[in-house]
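The values are calculated or read from the model by the stated rules, or taken from the named source; none is laboratory data. Everything quoted here is computed from the prediction, not taken from an experiment. For neighbour counting, all protein chains shown are included, and Cβ atoms are generated from backbone atoms with ideal geometry for every residue, glycine included. Heads up: the accessible areas ignore ligands, DNA and RNA and are worked out on the full protein's heavy atoms, side chains in. Shrake-Rupley method; radii C 1.70, N 1.55, O 1.52, S 1.80 Å.
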Amino acid sequence: MTEILVGVQTAEGADGKTHQFSYYRLEDGRGYGICIRDGSGGVAMAPGVTTRRRKIDALLRRMVRGAVSPASMRDVVEDWLAE
């Protein structure tokens, strides 16, 4: 599986600390997914979300704009799939 960096975002958390998130498009030849990594070693992966690159890129842009964290990625992906 290949990881391609598509964006980096910083955000202030509820704890008042600044957090940095890196967003990756996952590619495996059959489809596309998402990986989010934070600066403290947290990671969340959702492989095989869609077979369309255009759709995963649109979802990743939304996640970068919203500074989605690894902890909340699953909820965001589930909501997007339900749209």
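By how many degrees, between 0 and 90 and to the nearest 10, does the Cα long axis of helix 53-66 differ from the longest principal axis of the chain?
10 degrees
Charges only on Cβ, +1 for Lys and Arg, -1 for Asp and Glu: so what's the dipole of the chain about the Cα centre, in debye to the nearest 20? Walk me through the numbers on the way to the answer.
Numbers: 12 positive and 11 negative charges, 73 e Å.
So the dipole magnitude of the chain works out to roughly 360 debye.
At a Förster radius of 22 Å, what calculated FRET efficiency corresponds to the Cβ-Cβ distance of Lys55 and Ile4, to the nearest 0.05?
Details: r = 15 Å, r/R0 = 0.70.
For Lys55 and Ile4, the calculated efficiency is 0.90.
Per residue, how much accessible area does the chain have with a 1.4 Å probe, in Å²? Don't skip to the end; give the middle numbers.
On the way: 5180 Å² over 83 residues.
Value returned for the chain: 62 Å² of accessible area per residue.
Taking R0 as 30 Å, what's the FRET efficiency between Asp28 and Ala67 from their Cβ-Cβ distance, rounded to 0.05? Walk me through the numbers before you get to the answer.
On the way: r = 26 Å, r/R0 = 0.87.
Efficiency at R0 = 30 Å is approximately 0.70.
What is the Å³ per residue value for the convex hull set by the Cα atoms of the chain?
On the way: hull volume 6.9 nm³, N = 83.
Taking the convex hull of the Cα positions in the chain, it is 83 Å³ per residue.
Got a sec? Which residues in the stretch 53-83 would a label at Val43 touch, if it sits 7 Å along Cα→Cβ and we count backbone N under 18 Å?
69-74
In whole percent, what relative contact order does the chain give with Cα contacts below 8 Å and a gap of six or more residues?
Working: 145 pairs, mean separation 20.7, N = 83.
Reported as a whole number, the value is 25 percent.
Tell me which of Thr51, Ser40, His19 sits at the most positive position along the dipole axis of the chain, charges placed on C-beta atoms (Lys, Arg +1; Asp, Glu -1).
Thr51
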